[in-house]
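Quick notes on the structure that follows.
Bear in mind that the values in this text are calculations on the coordinates, not laboratory data. All figures in this text were calculated on a predicted structure; none of them were measured in a lab. Here Cβ is always computed from backbone atoms with ideal geometry, including for glycine, and neighbour counts include all displayed protein chains.
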């Protein structure tokens, strides 16, 4: 099933499976990429309760090992609607028998989508219903359509900074970095940037990116408060992913103790965690 939000001549479509954003349109133009399995079978998956890959896809907790695939499991479950209006919807996912086998915590994950004219705000609410400290990551993975020549586009950050990206080896951080070429906060897009997987930034000052097409604003993403950011595409694919994260993949030297995982968020019993980001058609 899908829910469609409307506000003037803008609309957004969200699939109840994974609470995944499938379209964000102005009139009939969709700014979210349309799935082509030649490249990728997702449009905007939710990353929970981990972001990225665990070392050997396992983590250790209280003397036990648990298997958890890359980016977790939230994207693979049907969410329930708990609130809805013409321009907003709140989805909910709670633990079940399957999730408890790989993530032994009682939780609720709520996603709220609010469409206000050209701006779509996506909010996360994580609730720890367990009686112990709950470790988690959460992140976004929206893919934005690049309908013409990829190199006509660039990423304009709202701060002029040094773009140090952290290298992945078999989807784990190996402790090496390099600096991405830029000019006054602008990174020209080219597929060669992604030959070694995603660009991962851990120390940005910026909290907003504008995708420029031939130096003209195309789409804007605000990720205020998110400590990490991934940028990703596949070779020759007509999309670019801008991914705000609370968390990231394991390091090659990880000891796999989930509580010691770098970037892990820790939530006390009965406590909540909130964050949000927005997408704006310019």
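Quick notes on this one:
- Difference of contour (0.36 nm per residue) and Cα-Cα distance, residue 26 to residue 224: 68.9 nm
- Residue 81 paired with residue 2, simple spin-label distance in nm, labels 7 Å along Cα-to-beta-carbon: 1.4
- Pairwise FRET efficiency - residue 191 versus residue 108, Cβ, R0 = 41 Å, nearest 0.05: 0.55
- Within the listed set 76, 117, 214, the residue fluctuating most in the Gaussian network model of the chain (springs between alpha-carbon atoms under 10 angstrom) is 214.
- Extension gain (nm, one decimal) between residue 61 and residue 262, 0.36 nm per residue minus Cα-Cα: 70.9 nm
- Principal semi-axes in Å for segment 2-281 [√(5λ), Cα gyration tensor, largest first]: 29, 25, 16
- Residues 33, 40, sorted so that the one with the fewest Cβ neighbours within 10 Å comes first: 40, 33
- Contact order, relative form, for the chain: 21 percent (alpha carbon pairs under 8 Å, 6 or more residues apart, mean separation divided by residue count).
- From least to most packed, judged by other beta carbons within 10 angstrom and beginning with the fewest, 232, 245 follow the order 232, 245.
- Point-to-point label distance, residue 272-residue 70, nm (Cα→Cβ direction, 7 Å offset): 3.4
- Taking every DSSP helix (H) stretch of at least 4 residues in the chain, weighting each as -39,500 (n - 2.57) and dividing the sum by the residue count yields a mean residue ellipticity at 222 nm of -500 deg cm²/dmol.
- Once C-alpha pairs closer than 8 Å and six or more residues apart are averaged by separation and normalised to the residue number of segment 211-274, the relative contact order reads 21 percent.
- Extension gain, residue 117 to residue 97: 0.36 nm times the residue separation minus the Cα-Cα distance gives 3.2 nm.
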